[in-house]
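Worksheet: one structure, shown below.
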Amino acid sequence: MAFLFPLLLGFAFNSASAFTAAYSRRWGERRGQGLSLVLRDVLGIPVWALGYILAARTPSPALFTSSWASQALGWLLILAGAAVIVVGLRSLGWRAVSPSLSDSLVESGLYARVRHPLYSGMLLELAGLAVLLPTPPMLVACALGAGWVLIQARLEELDLLQRLPGYADYMRRVPRFVPRLFH
């Protein structure tokens, strides 16, 4: 279970971006923005990624026998998630890398359909990893990742309510992770 420490530590560092407004009020906008960037992008993402690598490398029997169909489904989920993330990142631009008090609300593209397409994509990727590597360590890592996404999205929304005028109305109109099929 050596993967748990970097995984959870990475999630904790990554969650720093949900406190951009608080950091900026305390230490100034530029320092608050820099702190969010370092904690999330320099420490958080690489450290939790290491946790997933260690979970994948932990010797453990698969819970089910992999077939071509499960492999195809796993890769399809990972590719779909990656596509959603890339499109979402393009819509956000620099705001995705370094959140600040001067950010503006993005309501176009994927953000017109869901509030957190990056997290939606991540959930798809986690599901794909769980299908591709159905070992207990990877399933625990993916379940913890999904739980973290749910918590992180809520924490981030509390921060966005402070930083972005109109976010409360946006929250009422646009679902969090899954687009509405019918309006």
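For the reader, a short list of remarks on this structure follows.
- Modelled label reach - residue 64, point 7 Å along Cα→Cβ, the range 132-151 residues with backbone N closer than 12 Å: 132-135
- Mean separation of Cα pairs under 8 Å and 6 or more residues apart, divided by the residue count, gives the chain a relative contact order of 28 percent.
- Global geometry of the range 1-108, whether rounded, prolate or oblate, following the gyration tensor of its Cα atoms and the 1.5 cut on a/c: oblate
- Helix-only arithmetic for the chain: the sum of -39500 (n - 2.57) across DSSP H runs with n ≥ 4, divided by the residue total, places the mean residue ellipticity at 222 nm at -21000 deg cm²/dmol.
- For the range 110-147 versus the range 48-105, the gap between their alpha-carbon centres in whole angstrom: 6
- Cut-off of 10 Å, at most 12 other beta carbons, DSSP loop: longest stretch of the chain lacking such chymotrypsin sites (Phe, Trp or Tyr not before Pro): 65-181
- From the coordinates of this entry, percent of Cα pairs over 29 Å apart is computed, and it appears in (1) 21; (2) 25; (3) 53 under the label (2).
- Global geometry of the range 132-183, whether rounded, prolate or oblate, following the gyration tensor of its Cα atoms and the 1.5 cut on a/c: oblate
Rule-based calculations on the coordinates, nothing more; no lab input. Please read these numbers as outputs of a predicted model, since none were measured by experiment. Please note: Cβ atoms are built from the backbone with ideal geometry, for glycine as well, and neighbour counts cover all protein chains shown.
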